[in-house]
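Below is one structure, written out as structure tokens, with a few remarks after it.
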Amino acid sequence: MFTNSSAARRLARPARRRWLLFAAASASLLLRVDARAAPRVIKVHARRFVFTPNRIPLAPHERVTFELTAEDALMGFSIPQLGVRADVPPGIVVHLDAKAGDAGTVQFLCDIFCGSGHETMNGVLVVG
Ligand SMILES: [Cu+2]
């Protein structure tokens with residue numbers, strides 16, 4: 001069909017450019033999907049009768065994974081408003097997925113009696 005190879009190359013250039021644009025757009029989309037797929041990991045340590053940190057900023061609707069550890073007793077990590085909780089035995093790393101809601105403050109607390117002072121063991125997610 002083509003009488004010489006330079007004519008074939010000229011016609012091939014737009015196709016190659018389209019392919020490169022498609023590849024770049026696909027890579028960009030994959031990166032965005034990966035960023036969305038990987039929730040931020042937030043480490044929270046519990047000891048009688050304190051969570052560290054006890055004030056955690058989150059973006060509205062952010063997906064996070066809490067990486068929970070306990071030092072000296074079986075603890076509970078509960079976020080009633082988000083409907084999630086976990087037992088946190090000492091010496092074990094526990095992962096708990098959660099998704100923030102709209103802007104505002106959300107309390108978390110220990111929901112396993114761990115001694116005198118347990119009732120003050122809490123913290124707050126600051127969503128905004
Ligand atoms: Cu407790």
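If R0 is 25 Å, what FRET efficiency do you get for S116 and A38 from their C-beta distance, rounded to 0.05?
0.05
Name the long-range amide H neighbours of V124: under 5 Å, sequence gap of 5 or more, or other chain; modelled H, no Pro or chain starts.
R55, I56, F108
Please label the shape of the stretch 40-127 as rounded, prolate or oblate, based on the square roots a ≥ b ≥ c of the eigenvalues of the alpha-carbon gyration tensor (a/c under 1.5 means rounded; beyond that, a/b larger than b/c means prolate, else oblate). Intermediate values should be presented prior to the final figure.
On the way: a/c = 2.07, a/b = 1.55, b/c = 1.34.
Prolate shape, in that a/c is at least 1.5 and a/b is the bigger ratio.
Throughout, read-outs are computed from the coordinates displayed, never taken from laboratory work. Given the structure is predicted, the values throughout are model-derived calculations rather than measurements. Ideal geometry is used to build each Cβ from the backbone, glycine not excepted, and the neighbour counts take in all protein chains shown.
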